[in-house]
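One structure below.
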Amino acid sequence: MILIAEVEHWLFMDRHAADLADVPTILVEKDQTGARSFAPMRTLFQLKKWTAAERFIPLLSCDETDYKAYEVFHVDALPPYALLQGGRVLLERNQADAEYEAALVQAGATTDEEAVAFAVRYLQHKLGDDVMLAGNGKVPDVARVPGDLYIDGNVVKTGERLFAWANAQNERGNLT
(Lines give C-alpha, C1' and ligand atoms only; values in the text may rest on other atoms or scores of the structure.)
Protein backbone atom coordinates (compact mmCIF):
# COMPACT_ATOMS: atom_id res chain seq x y z
CA MET A 1 0.00 0.00 0.00
CA ILE A 2 1.14 3.51 -0.89
CA LEU A 3 -0.11 6.30 1.37
CA ILE A 4 -0.73 9.80 -0.03
CA ALA A 5 -1.31 12.31 2.76
CA GLU A 6 -2.33 15.94 2.79
CA VAL A 7 0.51 16.74 5.18
CA GLU A 8 -0.33 20.41 5.74
CA HIS A 9 -3.56 19.40 7.51
CA TRP A 10 -2.97 15.85 8.66
CA LEU A 11 0.63 15.83 9.92
CA PHE A 12 2.14 19.32 10.28
CA MET A 13 1.38 22.19 12.66
CA ASP A 14 2.38 25.82 13.04
CA ARG A 15 4.76 27.17 15.69
CA HIS A 16 1.97 28.08 18.12
CA ALA A 17 0.50 24.56 18.05
CA ALA A 18 4.01 23.07 18.39
CA ASP A 19 4.69 25.24 21.44
CA LEU A 20 1.46 23.99 23.04
CA ALA A 21 1.95 20.32 22.08
CA ASP A 22 2.43 17.86 24.91
CA VAL A 23 4.84 15.77 22.80
CA PRO A 24 8.26 16.57 21.34
CA THR A 25 8.10 18.27 17.94
CA ILE A 26 10.63 18.98 15.22
CA LEU A 27 10.96 21.68 12.59
CA VAL A 28 9.93 20.39 9.15
CA GLU A 29 9.57 23.60 7.14
CA LYS A 30 11.74 26.69 7.28
CA ASP A 31 11.78 29.47 4.72
CA GLN A 32 13.39 32.92 4.56
CA THR A 33 10.90 34.18 7.17
CA GLY A 34 11.94 31.48 9.63
CA ALA A 35 10.37 28.37 11.15
CA ARG A 36 6.92 27.68 9.70
CA SER A 37 5.83 24.07 10.22
CA PHE A 38 6.51 21.41 12.82
CA ALA A 39 5.68 17.74 13.23
CA PRO A 40 5.57 15.47 16.25
CA MET A 41 8.73 13.37 16.58
CA ARG A 42 6.66 10.19 16.28
CA THR A 43 5.33 11.43 12.97
CA LEU A 44 8.86 12.12 11.76
CA PHE A 45 9.90 8.56 12.66
CA GLN A 46 6.93 7.19 10.71
CA LEU A 47 7.70 9.47 7.75
CA LYS A 48 11.28 8.17 7.72
CA LYS A 49 10.06 4.57 7.84
CA TRP A 50 7.43 5.01 5.14
CA THR A 51 9.58 7.09 2.78
CA ALA A 52 12.52 4.68 3.14
CA ALA A 53 10.16 1.89 2.07
CA GLU A 54 8.92 4.16 -0.77
CA ARG A 55 5.36 3.91 0.59
CA PHE A 56 4.59 7.57 1.38
CA ILE A 57 3.79 10.49 -0.94
CA PRO A 58 3.16 13.95 0.50
CA LEU A 59 0.39 16.05 -1.02
CA LEU A 60 0.99 19.78 -0.63
CA SER A 61 -0.58 22.99 -1.91
CA CYS A 62 2.77 24.71 -2.56
CA ASP A 63 4.82 24.97 -5.75
CA GLU A 64 8.31 23.54 -6.36
CA THR A 65 10.07 26.62 -4.99
CA ASP A 66 8.16 26.55 -1.72
CA TYR A 67 8.53 22.76 -1.50
CA LYS A 68 12.26 23.29 -1.00
CA ALA A 69 11.44 24.90 2.38
CA TYR A 70 10.21 21.50 3.62
CA GLU A 71 13.57 20.35 4.94
CA VAL A 72 12.03 17.11 6.17
CA PHE A 73 11.44 15.98 2.57
CA HIS A 74 14.98 16.83 1.47
CA VAL A 75 17.00 15.67 4.49
CA ASP A 76 15.20 13.32 6.86
CA ALA A 77 12.43 11.66 4.87
CA LEU A 78 13.04 11.94 1.13
CA PRO A 79 9.90 10.67 -0.59
CA PRO A 80 10.18 8.91 -3.94
CA TYR A 81 7.32 11.08 -5.21
CA ALA A 82 5.66 14.29 -4.06
CA LEU A 83 2.44 15.87 -5.26
CA LEU A 84 2.50 19.66 -5.33
CA GLN A 85 0.00 22.39 -6.16
CA GLY A 86 -2.83 20.20 -4.94
CA GLY A 87 -1.94 17.33 -7.27
CA ARG A 88 -1.16 19.36 -10.39
CA VAL A 89 2.60 18.66 -10.24
CA LEU A 90 4.24 15.31 -9.60
CA LEU A 91 7.87 15.20 -8.54
CA GLU A 92 9.81 11.98 -8.91
CA ARG A 93 13.03 12.10 -6.89
CA ASN A 94 12.49 15.87 -6.65
CA GLN A 95 12.29 16.31 -10.44
CA ALA A 96 9.08 17.39 -12.19
CA ASP A 97 7.46 14.59 -14.18
CA ALA A 98 6.54 16.14 -17.55
CA GLU A 99 4.73 12.96 -18.63
CA TYR A 100 2.41 13.29 -15.65
CA GLU A 101 1.66 16.94 -16.35
CA ALA A 102 0.84 16.15 -19.99
CA ALA A 103 -1.43 13.28 -18.94
CA LEU A 104 -3.18 15.52 -16.41
CA VAL A 105 -3.89 18.14 -19.09
CA GLN A 106 -5.09 15.45 -21.50
CA ALA A 107 -7.40 14.05 -18.80
CA GLY A 108 -9.02 17.48 -18.51
CA ALA A 109 -8.77 17.69 -14.74
CA THR A 110 -9.71 21.28 -13.91
CA THR A 111 -10.60 21.27 -10.22
CA ASP A 112 -8.34 20.43 -7.29
CA GLU A 113 -10.44 17.37 -6.52
CA GLU A 114 -10.15 16.12 -10.11
CA ALA A 115 -6.38 16.68 -10.05
CA VAL A 116 -5.98 14.68 -6.83
CA ALA A 117 -8.24 11.89 -8.12
CA PHE A 118 -6.19 11.74 -11.31
CA ALA A 119 -2.95 11.67 -9.29
CA VAL A 120 -4.13 8.76 -7.15
CA ARG A 121 -5.17 6.72 -10.21
CA TYR A 122 -2.00 7.65 -12.11
CA LEU A 123 0.28 6.61 -9.25
CA GLN A 124 -1.65 3.42 -8.62
CA HIS A 125 -1.18 2.46 -12.27
CA LYS A 126 2.46 3.61 -12.43
CA LEU A 127 3.50 1.89 -9.20
CA GLY A 128 1.32 -1.21 -9.55
CA ASP A 129 0.17 -1.00 -5.94
CA ASP A 130 -2.90 0.11 -4.01
CA VAL A 131 -2.87 3.83 -3.20
CA MET A 132 -4.80 5.27 -0.26
CA LEU A 133 -5.54 8.97 0.20
CA ALA A 134 -5.53 10.76 3.55
CA GLY A 135 -7.11 14.08 2.67
CA ASN A 136 -9.95 16.37 3.59
CA GLY A 137 -11.41 17.31 0.21
CA LYS A 138 -14.19 15.55 -1.62
CA VAL A 139 -12.11 13.51 -4.03
CA PRO A 140 -14.31 11.22 -6.13
CA ASP A 141 -13.65 7.58 -6.92
CA VAL A 142 -10.44 7.02 -4.95
CA ALA A 143 -9.62 4.75 -2.05
CA ARG A 144 -9.39 6.75 1.15
CA VAL A 145 -8.25 6.11 4.66
CA PRO A 146 -11.12 6.09 7.17
CA GLY A 147 -12.30 9.65 7.79
CA ASP A 148 -12.48 9.15 11.54
CA LEU A 149 -8.66 9.02 11.69
CA TYR A 150 -8.58 12.78 11.15
CA ILE A 151 -9.11 15.00 14.20
CA ASP A 152 -9.53 18.61 13.15
CA GLY A 153 -6.87 20.78 14.77
CA ASN A 154 -4.98 17.89 16.36
CA VAL A 155 -2.13 16.69 14.12
CA VAL A 156 -0.55 14.78 17.00
CA LYS A 157 -3.51 12.42 17.37
CA THR A 158 -4.26 12.44 13.63
CA GLY A 159 -0.71 11.38 12.77
CA GLU A 160 -0.67 8.70 15.46
CA ARG A 161 -4.00 7.31 14.27
CA LEU A 162 -3.11 7.50 10.58
CA PHE A 163 0.17 5.63 10.90
CA ALA A 164 -1.23 3.10 13.39
CA TRP A 165 -3.99 2.32 10.89
CA ALA A 166 -1.58 2.20 7.91
CA ASN A 167 0.91 -0.02 9.74
CA ALA A 168 -1.89 -2.41 10.74
CA GLN A 169 -3.14 -2.55 7.14
CA ASN A 170 0.32 -3.36 5.87
CA GLU A 171 0.79 -6.07 8.51
CA ARG A 172 -2.52 -7.65 7.53
CA GLY A 173 -1.83 -7.18 3.83
CA ASN A 174 -5.19 -5.56 3.14
CA LEU A 175 -6.76 -2.15 2.83
CA THR A 176 -10.13 -2.44 4.53
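Could you tell me which residue of the range 2-12 is nearest to the chain's Cα centre (by Cα), considering only residues that are outside any strand (DSSP E or B) and of a type outside the set (Asp, Glu)? Looking at residues that are outside any strand (DSSP E or B) and of a type outside the set (Asp, Glu), I get VAL7. Among the conditions (1) in contact with a Ser or Thr (Cβ under 9 Å, 6 or more places away or on another chain); (2) surrounded by fewer than 22 Cβ atoms within 10 Å (Cβ to Cβ); (3) at pLDDT 95 or above; (4) in a loop (DSSP other than H, G, I, E, B), the only one that PRO79 does not satisfy is (2).
Are any of the residues in the range 60-74 farther than 22 Å from LEU133 by Cβ, among the aromatic types (Phe, Trp, Tyr) and either surrounded by 15 or more Cβ atoms within 10 Å (Cβ to Cβ) or out of contact with any Ser or Thr (no Cβ under 7 Å at 6 or more places or on another chain) (or both)? Checked the range 60-74: no residue is farther than 22 Å from LEU133 by Cβ, among the aromatic types (Phe, Trp, Tyr) and either surrounded by 15 or more Cβ atoms within 10 Å (Cβ to Cβ) or out of contact with any Ser or Thr (no Cβ under 7 Å at 6 or more places or on another chain) (or both). Restricting the range 101-131 to residues that are within 12 Å of VAL89 (Cα to Cα) and among the acidic types (Asp, Glu), the residue that is surrounded by the fewest Cβ atoms within 10 Å (Cβ to Cβ) is GLU101.
The set of residues from the range 3-39 being in contact with a Leu (Cβ under 9 Å, 6 or more places away or on another chain), under 16 Å from ALA82 (Cα atoms) and crowded, with 21+ Cβ neighbours inside 10 Å comprises LEU3, ILE4, ALA5, GLU6, VAL7, TRP10, LEU11, VAL28. The residue that is surrounded by the fewest Cβ atoms within 10 Å (Cβ to Cβ), counting only those in the range 138-157 that are touching a residue at least 60 places away in the same chain (Cβ under 8 Å) and under 14 Å from the mean Cα position of the chain (by Cα), is TYR150.
The values are calculated or read from the model by the stated rules, or taken from the named source; none is laboratory data. None of the values given here were measured: they were computed from a predicted structure. Heads up, the Cβs are rebuilt from the backbone with ideal geometry, glycines too, and the neighbour counts pull from every protein chain shown.
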